[in-house]
Amino acid sequence: MPSKKALIRRPSPRLAEGLVTHIEREGVDVDRATEQWEAYGAALRTHGWETVEVAPADDCPDSVFVEDTVVMYRNVALIARPGAESRRGETTGVEEAVASLGCSVSWVREPGTLDGGDVLKIGDTVYVGRGGRTNAAGVQQVRAAFEPLGARVVAVPVAKVLHLKSAVTALPDGTVVGHLPNVDAPSLFPRFLPVPEESGAHVVLLGGDKLLMASSAPKTAELLSDLGHEPVLVDIGEFEKLEGCVTCLSVRLRELHA
């Protein structure tokens with residue numbers, strides 16, 4: 001049976017100081033963000049996921065975006081080397097968490113940089129966004145880590161948004177969804193479905209037809225519902241002010257060995 005564990009990490013008290021690169025800075029209500037984070041974790045658990053809380057990194061404002069710190073392929077955890085130097089302290093607690101779950105651990109090394117939000121897995125195809133936070137050496141190290149395990153690694157340009165998964169994610173059948181103004185090269189994906197809202201490009205596969213989505217994308221939720229999916233909506237508005245989305249608030253571990 002596939003595993004259903006999800007790493008999550010409590011927001012730092014310094015969350016409002018988090019990095020912003022492609023949008024205007026807005027004030028962040030940390031208390032409200034913490035409530036939204038708790039509701040996000042509850043939504044995962046309601047749909048059969050065991051949440052594993054990584055040790056907090058209170059001195060790292062962006063640490064709640066735990067997806068950026070590690071990339072999973074099968075049972076292997078590739079510890080990222082974030083492109084923003086201020087985020088590199090986030091990886092230690094995550095490394096401890098994945099090791100405690102029995103993952104085989106490897107690391108991105110200098111001069112490589114890699115943010116986990118730049119990696120989209122569809123079956124054995126691993127798309128890696130090459131852009132502001134992930135460099136060419138980082139892409140090469142993803143290839144070195146995962147291709148021997150059967151992965152096919154495809155580099156994708158990312159210039160319009162922070163991460164690849166800020167622009168696109170994938171439905172259970174492998175169809176890639178994205179908001180066209182934010183997608184640099186939609187033709188690189190075999191099946192692409194444009195969606196009407198920026199945050200509608202972000203889905204987390206909960207199992208079956210259920211999709212965790214931001215409540216800020218009601219038109220996309222309606223579209224996907226019409227196509228036979230079951231959107232599960234959560235409010236992550238405070239994290240969206242920091243370019244966050246539903247994917248980056250957790251790391252889903254689906255293929256751990258029993």
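Observations on the structure shown:
- Qualifying residue in segment 240-253 (condition: touching a residue at least 24 places away in the same chain (Cβ under 8 Å) and over 30 Å from Val105 (Cα atoms)): yes
- Only residues that are under 24 Å from Val161 (Cβ atoms) and open to solvent by less than 50 Å² (accessible area, probe 1.4 Å) were counted across segment 27-42, and they come to 5.
- Segment 196-254, residues that are at positive phi and surrounded by 19 or more Cβ atoms within 10 Å (Cβ to Cβ): Glu243
- Cβ-Cβ under 7 Å pairs, at least 6 apart or on other chains, segment 217-236 side more than 17 Å from Gln36 (Cβ to Cβ) and assigned to a strand (DSSP E or B), far side at pLDDT 95 or above and acidic (Asp, Glu): Glu230/Asp209
- Residues of segment 212-258 that turn out to be of a type in the set (Gly, Ala, Ser), touching a Ser or Thr at 6+ places or on another chain (Cβ under 7 Å) and under 26 Å from Leu114 (Cβ atoms), as a count: 1
- The residue that is farthest from Arg74 (Cα to Cα), counting only those in segment 153-181 that are without any contact (Cβ under 8 Å) to a residue 24 or more places away in the chain and surrounded by 17 or more Cβ atoms within 10 Å (Cβ to Cβ), is His179.
- Enumeration of residues in segment 1-26 that are among the small types (Gly, Ala, Ser) and either open to solvent by less than 20 Å² (accessible area, probe 1.4 Å) or closer than 27 Å to Gly208 by Cα (or both): Ser3, Ala6, Ser12, Gly18
- Restricting attention to segment 91-126, the residues that are in contact (Cβ under 8 Å) with a residue 60 or more places away in the chain and open to solvent by less than 20 Å² (accessible area, probe 1.4 Å) total 7.
- Within segment 127-152, the set of residues being under 24 Å from Gly174 (Cα atoms), at pLDDT 95 or above and surrounded by 19 or more Cβ atoms within 10 Å (Cβ to Cβ) comprises Tyr127, Val128, Gly129, Thr134, Val139, Val142, Ala145, Phe146, Ala151.
The values are calculated or read from the model by the stated rules, or taken from the named source; none is laboratory data. Just so we're clear, the structure is a prediction, and the values are computed from it rather than from any experiment. Note that each Cβ is placed from the backbone with ideal geometry, even for glycine, and that neighbours are counted across all protein chains shown. Please note that ligands, DNA and RNA were not included when accessible areas were found on the heavy atoms of the full protein model with its side chains. Shrake-Rupley method; radii C 1.70, N 1.55, O 1.52, S 1.80 Å.
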